[in-house]
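Okay, structure first, notes after.
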Amino acid sequence: MILEAPGRPLRLVERAVPEPGPGDLLLRVRACGVCRTDVHVRDGEVRGRLPIVLGHQIVATVEGGGAETATAAGTRVGVPWLGWTCGECRFCLEDRENLCLRARFTGLDIDGGFAEWTVADERFCFPLPEGYDDLDVAPLLCAGLIGHRALRMTGAAQRLGLYGFGAAAHIMAQTARHEGRRVFAFTRADDVAAQRFALELGCEWAGDALAPGPEPLDAAIIFAPAGELVPAALRALDRGGVVVCAGIHMSDIPAFPYDILWEERSVRSVANLTRADGRDFLELAPRAGVRTSVTTFALEQAEDALDAIRAGGLEGAAVLVP
Ligand SMILES: [Zn+2]
Ligand SMILES: [Zn+2]
């Protein structure tokens, strides 16, 4: 399924099986999670190479490899958003490869997993935990990883607000509870289904994102791409709290009074992932007993999956199955 121009529907095309270059694995895709970032690229809010195959939560079987690869055929691996880094820039040398100046991203600069076959740099592929089938493990590869990095940015915050209860939040609620935090889910006021789902996953309260919660928060993570949530979350914070914006794109943030930032509240974003984030989280998820809730779509229904994410209302994550 290829994107030829932003704003245009993905198109099913027949291509030859790709050739792995040196260091690349040849992968048969078993499942690929669909992320809100895929929606932003499809709609042109985030722009990369064209034409491009979207999809950066790839669960695949190794079918071969180029020169200098060591992974055995038949191994199951996961391919995340971070597809390649230079290893030489200031950020790479400071263990912040998520900010690499020349980074290339899967499904943006490198063809991704909305396909039957793909290739990926072996150094950026992860071994996947046992105990998850292909569908259930796919959303861990971005929703899980980025959520995990966002959660780390909240330090030891006890009272955590999750804004937008989709794929990432449904995973993060579970790891946050595992760490003994108290979790509050903020959704659209009338989204009763999402609120009920959040309560089932261990959140102690769920309600309207545009009003403060039942008590002040130590941190808020915003997964929804709606800028008006930033001042709303600031208003819900206790002094010293942080708002972490976890998405790659957000609508403009409306002006707000300095009062709601005062007392050492802060707003920050989280960008991409490092390979260390990936290893940490894929080790933590089974230990924390994370379960995912997925809705599957056939590969050729990729547009339906993107529509479902754009509209909201999916319970958990969307996953394409070739
Ligand atoms: Zn770099
Ligand atoms: Zn993603």
Worksheet, complete the sentence: Note on the stretch 1-150: alpha-carbon gyration tensor, axes a ≥ b ≥ c; rule is a/c under 1.5 for rounded, else prolate if a/b larger than b/c, else oblate; result rounded
Discussion item. Could you report the accessible area of residue 269 in Å², rounded to 10, computed with a 1.4 Å probe on the protein chains as they sit in the structure?
Written reply: 70 Å²
Worksheet entry | Cut-off 15 Å between beta-carbons: net charge of the residues surrounding residue 132, Lys and Arg +1, Asp and Glu -1 | -1
Discussion item. Quick check on the chain: helices-only [θ] at 222 nm, where DSSP H runs of length 4 and up contribute -39,500 (n - 2.57) each and the sum goes over total residues. Nearest 500, please.
Written reply: -6500 deg cm²/dmol
Item to complete: Scan the stretch 1-65 for GluC sites (Glu not before Pro) in coil per DSSP, keeping those whose Cβ has at most 10 other Cβ atoms within 10 Å, and list them by number.
Response: 14
Item to complete: Measure off 7 Å from each Cα along the Cα-to-Cβ vector at residue 102 and residue 291, then give the distance between these two points in nanometres to one decimal.
Response: 4.6 nm
Response to the item:
Long-range alpha-carbon pairs in the chain, meaning those over 25 Å apart, account in percent for 48 percent
Item to complete: Measure off 7 Å from each Cα along the Cα-to-Cβ vector at residue 109 and residue 63, then give the distance between these two points in nanometres to one decimal.
Response: 2.7 nm
Worksheet item: In Å, what Rg and Dmax follow from the Cα atoms of the stretch 127-271?
Response: 14.6, 49
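The values are calculated or read from the model by the stated rules, or taken from the named source; none is laboratory data. Owing to the predicted nature of the structure, the values given are computational and were not obtained by experimental measurement. Every residue, glycine among them, receives a Cβ derived from its backbone with ideal geometry; neighbour counts consider all protein chains shown. Accessible surface areas use protein heavy atoms only, side chains included; no ligands, DNA or RNA. Shrake-Rupley method; radii C 1.70, N 1.55, O 1.52, S 1.80 Å.
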